[in-house]
Structure formats: C-alpha cells, structure tokens
Amino acid sequence: MRRPASAWPSRRRSSPSIMPSSARPSGRRSPWMIVDNELDIRTSLWLTLAAAHKADTGQPYRMEAGMAKLVASEAGGRVVDRAMQIHGGYGMTKDLPFERWYREMRIRRVGEGPNEVQRHVIARDLLGAGLR
C-alpha cells in the first residue's frame, strides 16, 4: 500500500491536467501525510507482531490481538483517507485502488467484532473482569 500512496504526490490530477505539487494547496502537507501513514502502518504491524508472538509462545494474547485489530483497522482507514487526499480528485477514481481500499477498510472496522467491542475486551483485560 505504501507505493501507490507515495508514488505520485507531486503529480496530482486536477481536471484533465497534472499539477506540480508547488501549485496545489496540499503540496506542503503531502510529506507529513506520508510520514503519518508510515507511523500508522508500523504501529499496526508492531502490535500485530506482539500479539502473534504471544500466541506463538503459548501466552494469553486476547488483549494484544484486540489492540492490534482495533489500531490496525482504524489506522488503515486513516492511511487510505490520506492517500486519497494526497492524490486529490484523482484519488477518488477507479484508476487508483484507494476508493476500493476505503470501502474495504470501513468493513474491517466491523468484521471480527466492531471496534467498540474490541475496546470493551481490552478494557476488561486491563481493568478486570467485573467491568460491564
């Protein structure tokens, strides 16, 4: 996902023309959006690997898996949203994969339990089983 999101930020389409990044308002924000995307991607990966390590070593991993699912699904939505912003109107077209990813990421926040359920599981593990 990193390549399409960062491959053309300096050549954003506006109408039929391609504008250089210096000519578009979000040109200065693009590097920061790419940095924020990388941070979201790595955080999600590290939490997923931590949960997998606990599972592989026979340790309880329910809370870590819930954290990884929650963070990754929300971060994925932010990453795709930023990628679409970087590419402007062209990012909303079917020429790039972002519009499809946007739909898929919304579904991922519900699959395997809505994020609110994941938050409850995490809170119960952190604060005790008596939490309702």
If packing is taken as the average count of other Cβ atoms within 10 Å, what order do 32-38, 122-128 fall into, highest mean first?
32-38, 122-128
Please name whichever of Leu49, Met92, Val121 sits farthest to the positive end of the charge dipole of the range 26-127, dipole taken about the Cα centre and charges placed at Cβ: Lys and Arg +1, Asp and Glu -1.
Met92
Kindly write out, for the range 96-104 in residue order, the coupling ³J(HN,Hα) from the Karplus curve 6.51 cos²θ - 1.76 cosθ + 1.60 (θ = phi - 60°), rounded to whole Hz, with x marking Gly and Pro.
10, x, 5, 5, 5, 4, 4, 5, 5
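Bear in mind these aren't lab numbers, they're just calculated from the coordinates by the rules spelled out. Predicted model, so just to flag it, every value in this text is computed and none were measured. As a convention, Cβ positions derive from the backbone with ideal geometry for all residues, glycine included, and neighbour counts pool all protein chains shown.
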